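The values are calculated or read from the model by the stated rules, or taken from the named source; none is laboratory data. The structure displayed is predicted, hence computed values, not measured ones. So basically every Cβ, Gly included, is an ideal-geometry build from the backbone, and we count neighbours across all protein chains shown. To get the accessible areas, we keep the full protein, side chains included, count just its heavy atoms, and leave off ligands, DNA and RNA. Shrake-Rupley method; radii C 1.70, N 1.55, O 1.52, S 1.80 Å.
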Amino acid sequence: MEALENLASKIRVCKLCDLSTKRKIAVPGEGPNTSKLFIVGEAPGRFEDEQGKPFVGMSGRFLNRYLELAGLNRSDTFVTNAVKCRPPNNRKPDEFEIITCRPYLIEQISLVKPKIILALGTSAASSIGMKFEHISEIRGRLMEVSLSSINLKVFVTYHPSFPMRFKKPRPIFLEDLKEVRRILNA
Ligand code: URA
């Protein structure tokens, strides 16, 4: 869709925060404008910053594998991040960066109009305007969230880097993705 591509072009030259001086390539996100599922990650890592595409590094491969195990198809999904430019040294994006980048996310969501937003981890949940102390308060169920007067259905699960590093949360991560598939197919 032209509007999504125009937005991506704007993101690629964005200078709204300091991350723009450190990135190689901004990563707007990718996927069909008709996607029922809209995935939000945290921020680009090294490989994403080099290729300009979301989730192409190790956590991306892990995510792809688990999406497939859950019966979800990444090629039918819009995939983006809370923050479109890589924070240096793989640190987490800070609150200012998340808030500054949020209008891009809102515009992408308004254009794609997905059925469900899958927020991966705390930065993604914060970028959608969710308030929480710990991810356990919001993980694993469908929630209604109002963001900039748009009503969204949001499902929060772990960022894939967590179950990638540790075995214990893997069954929960898979069950969450399967639940998302069930909701999408309902
Ligand atoms: N981690 C993220 O949150 N997003 C990416 O695009 C890659 C790694």
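Here are a few things to note about the model shown:
- The 3J(HN,Hα) values that the Karplus relation (6.51, -1.76, 1.60; θ = phi - 60°) gives for the stretch 83-93 are, in residue order, 10, 8, 10, 5, x, x, 6, 6, 5, 6, x Hz. Gly and Pro appear as x.
- Remark on the chain: ratio of C-alpha radius of gyration to 2.2 N^0.38 Å is 0.94.
- Evaluated with a Cβ-only charge set (Lys, Arg +1; Asp, Glu -1), the chain carries a dipole of roughly 440 debye about its Cα centre, given to the nearest 20.
- The share of accessible area on the chain that comes from carbon and sulfur is 51 percent, using a 1.4 angstrom probe.
- The stretch 6-50 versus the stretch 99-158: alpha-carbon centroid distance in Å: 17
- Taken per residue, the accessible surface of the chain reaches 51 Å², heavy atoms only and a 1.4 Å probe.
- Working from label points 7 Å from Cα in the Cα-to-Cβ sense, the Glu5 to Arg181 distance is 3.2 nm.
- Exceeding the 27 Å Cα-Cα cut-off - candidates Lys84/Lys113; Lys92/Lys168; Lys24/Lys113; Lys115/Lys178; Lys92/Lys167; Lys24/Lys131: Lys24/Lys113; Lys24/Lys131
- Length released on extending from Arg165 to Thr21, taking residue separation times 0.36 nm less the Cα-Cα span: 48.8 nm
- Charge-dipole axis of the chain as Lys and Arg at +1 and Asp and Glu at -1 on Cβ define it, positive-most pick from Val40, Cys14, Phe96: Val40
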